[in-house]
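One structure is given here, and the rest of the page talks about it.
Each reported figure results from applying straightforward, stated rules to the coordinates on display, with no laboratory input. Quantities reported herein were computed from a predicted structural model and do not represent experimental measurements. When we count neighbours, we look across all protein chains shown, and the Cβ atoms used for this are built from the backbone with ideal geometry, even at glycine.
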Amino acid sequence: MRVSSFLRRCADVPLALGAAALVPWTVGIASQLPDHAVARHWNTAWAGLDVAITLGLALTAWLGRRRDPRVALAATATATLMCADAWFDVCTSAAGASFAVALAEGGVELVFAAGCLAVGLRARARQGMLSARRS
């Protein structure tokens, strides 16, 4: 058996163990953390996330324009950031108009995240077609 084949098969074991370990951790967090908290540097955290999303969208657009296969990685990472941003926007918003605005903004972010995933999937499909032609 080749080393790379062995490593590929064994790489999922720690990931599965990590997923299993996160179940009780998540239950603990959900049941023990307070329902509200004061955070230092709140504005920096949100601005940093938005900068990461902006850079991810720009990188995805640039790599996509160049038909670079790495666009799939950038698109997936950007979509993930956008989904997390939408989730936290909704979960941390106050009731009423603030919540409605967060839902609307989250919906827009999810549409962009879906667009990123579509770009990534299209790039992977294109890469697969190129590989098939070379064989």
**Prompt:** Spin-label point model (7 Å from Cα, Cβ direction): what's the T54 to L121 distance in nm?
**Reply:** 3.0 nm
**Message:** Expected output is a single nm value to one decimal: the length gained when fully extending between R9 and T26, i.e. 0.36 nm times separation in residues minus the C-alpha distance. What is it?
**Reply:** 3.4 nm
**Prompt:** Across 5 Å bins from the origin, how do the percents of Cα pairs in the chain run, short distances first?
**Reply:** 2, 9, 11, 13, 15, 17, 14, 9, 5, 3, 1, 0, 0
**Request:** Order the peptides 69-76, 50-57, 109-116, 93-100 from the highest to the lowest mean number of other Cβ atoms within 10 Å of their residues.
**Result:** 69-76, 109-116, 50-57, 93-100
**Asked** Hey, rough spin-label estimate for W42 and A94, points 7 angstrom out along Cα→Cβ, what's it come to in nanometres?
**Response** 1.0 nm
**Message:** Rounded to the nearest 20 debye, what is the charge dipole size of the chain about its Cα centre when +1 sits on each Lys and Arg Cβ and -1 on each Asp and Glu Cβ?
**Reply:** 1240 debye
